[in-house]
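Data first, discussion second: the structure below is written as structure tokens.
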Amino acid sequence: MGPMKPAGPVERAPSGGVSWSDLVTLTKAKLSALVVATTGAAFLSGFPGGESFAFGRLLHTVAGTALAAFGAAVFNQLFEIDADRRMRRTADRPLPAGRIPVPGAFGIGWILSALGIVHLGSTVNTAAALLAGLTIAVYIFVYTPMKRRSAWNTIVGAVAGALPPVIGWVAAGGHFDAGALWWFSLLFFWQLPHFYAINWIHREEYRQAGFVMLANEDDSGRRTAFWSLVCSCSLILLAFWAPMISLARWWFAVPGVCAGGFVVFLAMRFQQERSIGAARRLFFATLLYLPVAMVAVILAKPSS
């Protein structure tokens, strides 16, 4: 990958106002949609059998979590304007490009975050609201500044990213039990090979932006591929753990092992080849794995 040219001067926000596309980018709506999907899936998995399904509570849970995720994404970009300006794939985001003013973005982030927490607390339960607040706090005040100091930031970011399904679990009436831990572990271990692949592909951009990442001093890909493989193997263990804690029937192990094994296979290929193509295939495999695992565990939910 050749050297990047620094981004040009910041542009002024257009007089016509903020576009819908810029708002979608500012709130990382596509990534947030994934967060919402995991929250909803965990709610469906954790809702007690034998009760009338609380569809309204599910909608409130999804809405509140989405608002909190949108707010956290805005604050994350506020902290990283200069870094985003130095990365080719983020330089045209609305804040580094100057299409949305910083005070306006701050207001949007504050309103969305507060609305998300308050909504969950008033329509779902206190535990869900507290978890949403914890997710925002870890993401903004620990993970985001840590990206400039330590490669361990990826682990901390994975913790924040693994909390939304726990919100869904407790919102459904569950407790902080083995089921909550399984959902947390699913998202935690899924995120690591997913992000390690992205990090290695774009390592030069991360270096230039000043982020301290695992792949920064790993041009060979040896270390990144090793940890991608270790974390991918954990996905297979989760396929057996779910039936053991009565989260799913035993047939869940079949799609769980197949989907997890596919990720492990491509992680092994990445370790052998250590090429951009192998890393990209691993990245897309993780995108395929998550919906398969979530749908399978819901369908395999034991009947009461």
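Taking 11 Å as the cut-off, the amide N atoms of region 148-166 that come nearer than this to a point 7 Å along the Cα-to-beta-carbon line of R223 belong to 151-152.
Go ahead and run the numbers for FRET between D82 and V292, Cβ-Cβ distance against an R0 of 45 Å, rounding to 0.05.
Step by step, r from the Cβ atoms, then E = 0.70.
The residue list W200, F226, P255 was ranked by how far each Cα lies along the charge dipole of region 177-304 toward its positive end, using unit charges on Cβ atoms, and P255 comes out on top.
Could you pull out the longest piece of the chain with no exposed loop trypsin sites (Lys or Arg not before Pro) in it, calling a site exposed if DSSP puts it outside H, G, I, E, B and it has at most 11 other Cβ atoms within 10 Å?
On the way: sites that count: R12, R89, R149.
Between the exposed loop sites, the longest stretch runs 150-304.
Using R0 = 41 Å, the C-beta based FRET efficiency linking S19 and I155 works out to 0.70.
Per DSSP H run of at least 4 residues, take -39500 (n - 2.57); add these up for the chain, divide by its residues and hand me the 222 nm value, nearest 500 deg cm²/dmol. Spell out each step's value before the answer.
Numbers: 13 runs with 206 residues, N = 304.
Result for the chain, helices only: -22500 deg cm²/dmol.
Model label points for A137 and S275, set 7 angstrom from Cα along the Cα-to-Cβ axis, are 4.7 nm apart. About the centre of its Cα atoms, region 20-176 shows a dipole size close to 520 debye [charges on the beta carbon of Lys, Arg (+1) and Asp, Glu (-1) only; nearest 20 debye].
Helices that extend 20 Å or more along their long axis by alpha-carbon positions and average at least -1.0 on the Kyte-Doolittle scale are, among the DSSP H runs of the chain, 29-46, 55-79, 102-123, 178-201, 222-244, 253-273, 276-299.
Here the extension length gained between R89 and V254 equals 55.6 nm, from 0.36 nm per residue of separation less the Cα-Cα distance. Here the gap between R207 and V102, fully extended at 0.36 nm per residue and compared with their Cα-Cα distance, gives a gain of 35.3 nm. Evaluating 6.51 cos²θ - 1.76 cosθ + 1.60 at θ = phi - 60° for every residue in region 139-145, the Karplus couplings come out as 5, 8, 9, 10, 4, 4, x Hz, glycine and proline recorded as x. Counting beta carbons within 10 Å around each of I136, I198, I276 and listing the fewest first gives the order I276, I198, I136. Under the criterion of Cα pairs below 8 Å and six or more residues apart, the relative contact order for the chain equals 19 percent. Volume of the convex hull of the chain (Cα atoms only), normalised per residue: 120 Å³.
Comparing region 38-165 with the 2.2 N^0.38 Å rule of thumb, its C-alpha radius of gyration ratio is 1.18 (two decimals). With a cut-off of 11 Å between beta carbons, the residues surrounding S246 carry a summed charge of +1, where Lys and Arg count +1 and Asp and Glu -1.
Only the coordinates and a few stated rules stand behind these numbers; no lab work does. The structure presented is a predicted model; accordingly, all values stated were derived computationally and were not measured. With ideal geometry, Cβ positions are generated from the backbone for all residues, glycine too; neighbour counts draw on all protein chains shown.
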